[in-house]
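S.K.: Quick one: this structure, given as structure tokens, is what I'll be asking you about.
What follows is calculated from the coordinates using simple rules that are stated; it is not laboratory data. Predicted model, so just to flag it, every value in this text is computed and none were measured.
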Amino acid sequence: MKKFASIYAMLAMIIGGLVVSPAIVVDAQDKARDQQPSQESEISDRDLKAFAKAYVEFHKIRSAYENSLDDVGNRQEETKAQHEALIKIDKALEKQGLKPDAYYRIFKAVNADEKLRAKTMKLIEEERRAAS
């Protein structure tokens, strides 16, 4: 159940373009990790590359489902579309060897550290060019 809560939070963030309050989706383990120093040193280059690939894929999914969610006629169709997006997001994470909580941890670390963000943005741009 926790896995799906994390995925739903990410889906809301990705599809809705929302900034999710950490208090909503962070559990006690995440809070303990937040207190550790030097987030950059905890995230390997391999993890950043996996994150960048998943990030690019998420934005493709978001783009595809953003338009379809605008066109749905009822709540049931919207729920079905969101479920389909969740499945694709889960597969994108799995393909990169990430779990939802690891993706979210990296996401938070990247947003909290300017140097790490610059490094990650470079990887994301490289991945976008490679995917085109």
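S.K.: Please give the contour-minus-distance gain from residue 46 to residue 122: 0.36 nm per residue of separation, less the Cα-Cα distance, rounded to one decimal in nm.
M.R.: Separation in residues times 0.36 nm, less the Cα-Cα distance, equals 26.0 nm.
S.K.: Next up: Quote the Stokes-Einstein diffusion coefficient, in whole µm² s⁻¹, for the range 88-132, based on the Kirkwood radius over alpha carbon pairs, a temperature of 20 °C and a viscosity of 1.002 mPa s.
M.R.: 187
S.K.: Need the full-extension length gain, residue 59 to residue 77, defined as separation in residues times 0.36 nm minus the C-alpha distance. One decimal, nm.
M.R.: Gain on extension, residue 59 to residue 77, equals 4.4 nm.
S.K.: Once phi is turned into θ = phi - 60°, what whole-Hz ³J(HN,Hα) does the Karplus curve with 6.51, -1.76 and 1.60 give for every residue of the range 99-105, x standing for Gly and Pro?
M.R.: Taking θ as phi minus 60°, the curve returns 9, x, 5, 5, 4, 5, 4 Hz for the range 99-105.
S.K.: Of 60/122; 88/115; 49/80; 88/108, which sit over 28 Å apart, Cα to Cα?
M.R.: Distance filter (> 28 Å) returns 88/115; 49/80.
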